[in-house]
Amino acid sequence: MLPLLAAVATGLSVAVLLIALARPRTSAAEARLAGARREFARTGDVLPERPVAAAGAGERGRAAMLLPAGMRARLARSLASAGSPLSVDRFVTVTLVSQVVGAFAGLAVSSAAPVAGAAVFGVAGGLVLGAVPPLVWLRGVGRRRRLLVWRSLPDTSDLLTTCVEAGMSIDAAFARVAEDMPGPLSDEIRTMLREVALGRPRHLALADIGVRCGVPDLTAMLTAVIQADESGTSLGAVLRAQAHHIRIRRKLLAEEKARKVPAKMTFPIIFLIVPTLFILILGPLAIEIMETFQ
């Protein structure tokens, strides 16, 4: 039984490595878009909208095709929210490699157990547990990035409001914000400006920032900017109201966290601080009593 499982695990590892080393196919639309982007960088011309939309599906590698379409879309959104540290194909490949390593580890641990069928459960448990580290890493990266975006949002909104009220256009104001405010939000703004320069509608590029970042306050502000831009409303007044709303939400959130502190301190007070105080106060008394009775 063990040689068969080892052969299956070896075959899986070889298949994963072949998938990882295989070069994903590039569609004709993606090739045209890449050439158009190089031409744009050289000449500064604006691309029409159709080639950009044609290649909007993105690159699909062979490893990513192992997942269903819905799961692949959710994984792509999670990676985009984390700043796209890996492509979907590479993340799936890393997960498969981690599962194979976990299967080998489970096989090695369960081979020493005298219970019949322990190797099967060891390999199955290794496959399941092997998928956990990449997902935990991706969730942590996305959480840290969303926190950075949320922290930089008030200053970004204030600077954007100042630029718009000073007479700048919305694109120039976003460019100034991307230049003066370093961080992941500035990177997303630069991506938006490049997409608009390539011919994509501004409201779609702005909406994608909210989708990629996953911060509700940012999504609300961008939605207000899109509506004001399409309806002809004063952007300065809208941005000032959104900046005020963002700061109020931050204040309410800080007050909510402060109200939760007493409840969170109950466990360490009862189980850590109170026993220590009893030891410090009653310990010397107990020692004196024991010495007296002796």
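Laboratory data are not the source of any read-out in this text; all were calculated from the coordinates shown. Keep in mind the model is a prediction, meaning the values are calculated, not measured. Cβ placement follows ideal geometry from the backbone for every residue including glycine, while neighbour counts extend to all protein chains displayed.
With the charge dipole of segment 145-294 set up from +1 on Lys and Arg Cβ and -1 on Asp and Glu Cβ about the Cα centre, the Cα lying farthest toward the positive end among the listed residues PRO284, GLY167, ALA263 is that of ALA263. Over the Cα atoms of segment 117-169, the radius of gyration divided by the Kirkwood radius equals 1.53; this is the Rg/Rh ratio. The alpha carbon centroids of segment 224-294 and segment 106-178 are separated by 24 Å. For segment 145-294, what does the relative contact order come out to in percent, with C-alpha contacts under 8 Å and a separation of six or more? It rounds to 23 percent for segment 145-294.
Computed log10 I(q)/I(0) for segment 145-294 at 0.10, 0.13, 0.19 Å⁻¹: -0.48, -0.65, -1.11, from the Debye equation with unit scatterers placed on every C-alpha and solvent omitted.
Only Lys, Arg, Asp and Glu count, each charged at its Cβ (+1, +1, -1, -1), so figure out the dipole size of segment 145-294 about its Cα centre, rounded to 20 debye.
240
Less than 5 angstrom separates the built amide H of GLY214 from none of the residues sequence-distant by 5 or more or on a different chain. Karplus-derived 3J(HN,Hα) values for segment 201-209, using 6.51 cos²θ - 1.76 cosθ + 1.60 with θ = phi - 60°, are x, 5, 5, 6, 5, 5, 5, 5, 4 Hz; glycine and proline are entered as x.
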